[in-house]
Amino acid sequence: MKPLDLVADFPAIPAGWAYLDTAATAQKPQAVIDAITRGYDTSYATVHRGVYARSADMTLAYEAARKRVARFIGAGSADEIVFVRGATEAINLVAQCWAGTQLKAGDRILVSMLEHHSNIVPWQMAAERIGAAIDVVPLTPDLCIDLDAMEAMITPAHKLVALNHVSNVLGSVLDGARASRIAHSVGAKILLDGCQAVPRLPVNVAALGCDFYVFSGHKLYGPTGIGCLWGRSELLDAMPPWQGGGAMIDRVSFERTTYAPPPARFEAGTPHIVGALGLHAAINYVDAIGLAAIRAHETALVAVTREALGQMNSVRLFGPADSAGIVSFTIEGVHPHDIGTILDESRVAIRAGHHCAQPLMTALGIDATARASFGVYNGPADVAALVAGIDRVTRIFG
């Protein structure tokens, strides 16, 4: 498959700058920037409540974005898509409105060792309020979620499983369909965190068999402040509202308030209207390239990077060889923050730190890693710049 050559679509990436922090946030193509600009410039109005033509038009565009998201992830209905600020808010919504009402003292929640903090802390908060407990699925030797261990440890007491579809540190890809079958074998519901998956892999929630799926727009080449919760319609229907205010009501009186059906029930207040338009444009952009092409492109970049770094004696690589667009590593005797600083001097931007995955760092016996993560705008020159920069780091600290 021909390598992608799309850097010209991204005006924020100047010539000679290797941006390798896509797992944190993706740069935005001109098509997304244009959609956002149009939304504010020539067509802006509120949605759902205006009776004038422009408001009606913006409402149609906003709801078209919801339908586009539904098609993109294989949802059965656009009404199963809730717009939120991002995956963190989506997980908190489920923790409050589903776990907070469906779980009871003595129930158990299952997460894995490699979860992002946003897929740990909300469940801890919910468990503390309810009196539930949390169990942790270990990792395989190549640092994937160990589904054999999960199958052995799950019990009918487990009511919820929450797992990362693609690790933001290791790039390891979960067999989501098998994880869902294991969860459902004991009657548990399963939530998948798809932040790193939707920009890199074809996602179909029906095929995955999960009950909730969440992702953020800004990692999908879209704007910040917009993300999505997908939930099975029967689950969303049974969940109470999270926040009260405009748009989420049916009728309000001082005696009693009744609430709108999903998704409006969970979208109190004026939404991020133009963010939804930008997300729509981002999905169109990714779909036009093709997720299979994106996956092949990033796989090739990962393979070249791991091969080059693997030849350096002082470099330790983490995660599976077939990681999805992400390479985490350390250099013996060099703090990852120093690696990042020196690479920045060479115009290479990477991430350095615990990546909001401190329990994983503890399990690995380290405090932090350096992380290079690829996007559609990266190419062989970026890998070469990274490798040259790391070689410079090893010489400086040699």
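The values are calculated or read from the model by the stated rules, or taken from the named source; none is laboratory data. Treat the numbers as computed from the prediction; the structure is a model and nothing was measured. Using ideal geometry, Cβ is built from the backbone for each residue, glycine included, and neighbour counts are taken over all protein chains shown. Accessible surface areas use protein heavy atoms only, side chains included; no ligands, DNA or RNA. Shrake-Rupley method; radii C 1.70, N 1.55, O 1.52, S 1.80 Å.
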Tally the DSSP beta bridges in the chain and give the antiparallel ones as a percent, rounded to 5. 60
Check: in the chain the Lys pairs 8 or more apart or on separate chains whose Cα atoms fall under 20 Å apart number 5
Residue span Asp367 to Ser185: 0.36 nm per residue of separation minus Cα-Cα distance leaves a gain in nm of 61.9 nm
Please give the Cα centre distance for segment 327-398 versus segment 171-229, rounded to the nearest Å. 27
When the helix-only estimate is applied to the chain (DSSP H runs of n ≥ 4, each -39,500 (n - 2.57), divided by the residue count), what is the mean residue ellipticity at 222 nm, nearest 500 deg cm²/dmol? -11500 deg cm²/dmol
Roughly how many Å² is the accessible area per residue of the chain, as a whole number, for a 1.4 Å probe? 41
Cα-centred dipole magnitude for the chain, charges only on beta-carbon of K, R (+1) and D, E (-1), debye, nearest 20: 620
What is the spread of the Cα atoms of the chain along each of their three principal axes, largest first, in whole Å? 73, 55, 35
Taking the dipole about the Cα centre of segment 215-280, with the C-beta of Lys and Arg at +1 and of Asp and Glu at -1, give me whichever of Pro241, Tyr259, Gly222 is farthest to the positive side. Gly222
State the percentage of accessible surface on the chain attributable to carbon and sulfur atoms; use a 1.4 Å probe and exclude ligands, DNA and RNA. 53
When Rg is the radius of gyration of the Cα atoms in segment 182-234 and Rh is its Kirkwood radius, what does Rg/Rh come to? 1.02
